[in-house]
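Colleague: One structure is given below, represented as structure tokens, and several questions about it will come after.
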Amino acid sequence: MLHLDHLRLTEPGFALTADLTVPRGARVAVIGPSGAGKSTLLNAIAGFMAPPTGRILWEGADLTELPPGERPLTILFQDQNLFPHLTVAQNLGLGLSPHLRLSPDQHMAIDRALDRVGLTALGPRLPSQLSGGQQGRAALARALLRARPMLLLDEPFAALGPALKADMLDLVAEVAAETGATVLMVTHDPMDTKRFADQTILVADGIAHPPLDTATLFKDPPKALKDYLGS
């Protein structure tokens, strides 16, 4: 269970509060207007932004002061964060060892992860030799190797076409169901939200609201969501 306990995040001209709980294993969309603080919320959970007040708790343990690398999560960004001078397999290997000193079992795990995301035999290639969709799959494979209980998605598939993006979301949902991972996904697309997320956090007017059932939220949206959707 992820609990944001009276969390307050501030930047010049900006403030966001969050007091909410996400059940373990939930698939949650984070939606709201541009600039409302969706990515800021994920950055705080990941440890890239320190909250002036409040706490971030996972299964009762306080993560608030932990550096990003010690938190039980993986975050995927839109640019995929693949190192261009390393092969795909080496990029995945960084998820297991920052020095790339890998055992035979770890090399086998990399091959299995590439198979899992449909990149069989592409490990020796550089990221520049992959399509955008393949790069997204490689970044997801690295996240699978890390096998952390939380996966944060900051629009990593936004640049993909509708069909490929749907395939990626379905793959994330499938893997999350298998591993029991808790997934928080920032998106601007209501269709992605409805396809992927059991619950949705609306971020608007300086508040990250507690998650609600996605179908219920869109059936009877509050004013902030109506304004965002233009309905």
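The values are calculated or read from the model by the stated rules, or taken from the named source; none is laboratory data. Everything numeric in this text was worked out from a predicted model, so none of it was measured. Cβ placement follows ideal geometry from the backbone for every residue including glycine, while neighbour counts extend to all protein chains displayed. Heavy atoms of the whole protein, side chains included, go into the accessibility calculation; ligands, DNA and RNA do not. Shrake-Rupley method; radii C 1.70, N 1.55, O 1.52, S 1.80 Å.
Colleague: Could you state the orientation-averaged shadow area of the convex hull built on the Cα atoms of the stretch 1-122, in nm² to one decimal?
Modeller: 9.8
Colleague: Per DSSP H run of n ≥ 4, the term is -39500 (n - 2.57); total these for the chain, divide by its residue number, and report the mean residue ellipticity at 222 nm rounded to 500 deg cm²/dmol.
Modeller: Per the formula, -10500 deg cm²/dmol.
Colleague: Sticking with this one: Given R₀ = 30 Å, FRET efficiency for Ala166-Asp205 by Cβ-Cβ distance, to 0.05?
Modeller: The computed FRET efficiency comes out at 0.50.
Colleague: Which loop trypsin sites (Lys or Arg not before Pro) in the stretch 80-174, with loop taken from DSSP, have no more than 10 other Cβ atoms within 10 angstrom of their Cβ?
Modeller: Values: sites: Arg101, Arg112, Arg116, Arg125, Arg137, Arg142, Arg146, Lys165; in loops: Arg101, Arg125.
Within the stretch 80-174, the qualifying trypsin sites (Lys or Arg not before Pro) (loop, at most 10 other Cβ atoms within 10 Å) are Arg101.
Colleague: Report, to one decimal in Å, the Kirkwood hydrodynamic radius for the stretch 104-231 based on all distinct Cα pairs.
Modeller: 16.2 Å is the Kirkwood radius here.
Colleague: If you don't mind, there's one more thing I want to ask. Name the longest site-free stretch of the chain, where the excluded sites are GluC sites (Glu not before Pro) in a DSSP loop with no more than 16 other beta-carbon atoms within 10 Å.
Modeller: On the way: sites that count: Glu59, Glu65.
Counting only loop sites that pass the neighbour cut-off, the longest clear stretch is 66-231.
Colleague: I would also like to ask the following. Taking Cα centroids, how far is the stretch 74-138 from the stretch 16-34 in Å?
Modeller: Centre-to-centre (Cα) distance: 28 Å.
Colleague: Can you give the Rg to Rh ratio for the stretch 88-175, taking only C-alpha atoms and Rh from Kirkwood? Don't jump to the answer; show the numbers that get you there.
Modeller: Values: Rg = 12.6 Å, Rh = 13.3 Å.
Ratio value, two decimals: 0.95.
Colleague: Counting only protein heavy atoms and a 1.4 Å probe, tell me what percentage of the stretch 116-167's accessible area is made up of carbon and sulfur.
Modeller: Answer for the stretch 116-167: carbon and sulfur cover 53 percent of the accessible area.
Colleague: I would also like to ask the following. So between Met1 and Asp19, what do we pick up on full extension, going 0.36 nm a residue minus the alpha carbon distance?
Modeller: 5.1 nm
Colleague: Of all the accessible heavy-atom surface of the stretch 184-231, with the other protein chains kept in place and a 1.4 Å probe, what percent is carbon and sulfur? Can you show the working numbers first?
Modeller: Values: 1370 of 2480 Å².
Within the stretch 184-231, the accessible surface is 55 percent carbon and sulfur.
Colleague: Ok, one more. Check the straight Cα-Cα distances from Lys165 and name the lysines below 26 Å, setting aside those fewer than 8 residues away within the same chain.
Modeller: Within the straight-line cut-off, Lys165 pairs with Lys38, Lys194, Lys219, Lys226.
Colleague: Right, another one. Placing +1 on the Cβ of each Lys and Arg and -1 on the Cβ of each Asp and Glu in the chain, which of Leu140, Ala173, Val186 has its Cα farthest towards the positive end of the resulting dipole?
Modeller: Leu140
Colleague: Please report the relative contact order for the stretch 114-231, taking Cα pairs under 8 Å with a sequence separation of at least 6, and give it as a percent rounded to a whole number.
Modeller: On the way: 93 pairs, mean separation 20.8, N = 118.
Reported relative contact order: 18 percent.
Colleague: For Rg and Dmax of the Cα atoms in Å, the choices are (i) 17.7, 55; (ii) 16.1, 54; (iii) 16.7, 60; which was calculated from the structure?
Modeller: (i)
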